[in-house]
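> Submitted below is the structure of interest, expressed as structure tokens.
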């Protein structure tokens, strides 16, 4: 992981990752409706990685390699004292593998779907705290509402 130079564009970078996350989620929902679960798996994984990149950029950290996601999420879990965060992320890596090897039975896909949204809600909450701490005021960045009500 590299430390990013602080710039005025940091919110733009973070917003870009969040827009991609939402784009992937929207596409995942559409592919689920078509019962294209392999493709939906990769789209959910893409949304997860974009959320992690958004959190990283909000913390001035650039995540550029697959393995760095694991290091970053592990560190965030320790820092926030959320023991479940990293374990959840490890489980969700199966979504990425499923695209290539179709390892998740269709009857089990809803379990991973629920875990994906739980993980995204957790990352969303952490990011809000990071941005508020940086600005000293409640953040003004628009976060998606889909995580707060999704299958809680």
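Bear in mind that the values in this text are calculations on the coordinates, not laboratory data. Computed from a predicted structure; not experimentally measured. Cβ atoms come from the backbone with ideal geometry, glycine included; neighbour counts cover every protein chain shown.
> Given Cα pairs under 8 Å that are at least 6 residues apart, what percent is the relative contact order of the stretch 15-113?
Result for the stretch 15-113 is 28 percent.
> While we're here: Compute the projected area of the convex hull of the Cα atoms of the stretch 9-145, averaged over all viewing directions, and report it in nm² to one decimal place.
That works out to 8.0 nm².
> Which of 21, 74, 38 comes first, and how do the rest follow, when ranked by fewest Cβ neighbours within 10 Å?
By the 10 Å Cβ count, ascending: 74, 38, 21.
> Can you sort 43, 87, 95 so the residue with the fewest Cβ neighbours within 10 Å comes first?
87, 43, 95
> Using the number of other C-beta atoms within 10 angstrom as an exposure proxy, rank 57, 135, 41 with the fewest first.
135, 57, 41
> So, one more: What is the mean projected area of the alpha carbon convex hull for the stretch 39-97, to one decimal in square nanometres?
One quarter of the hull surface, i.e. the mean projection, equals 3.8 nm².
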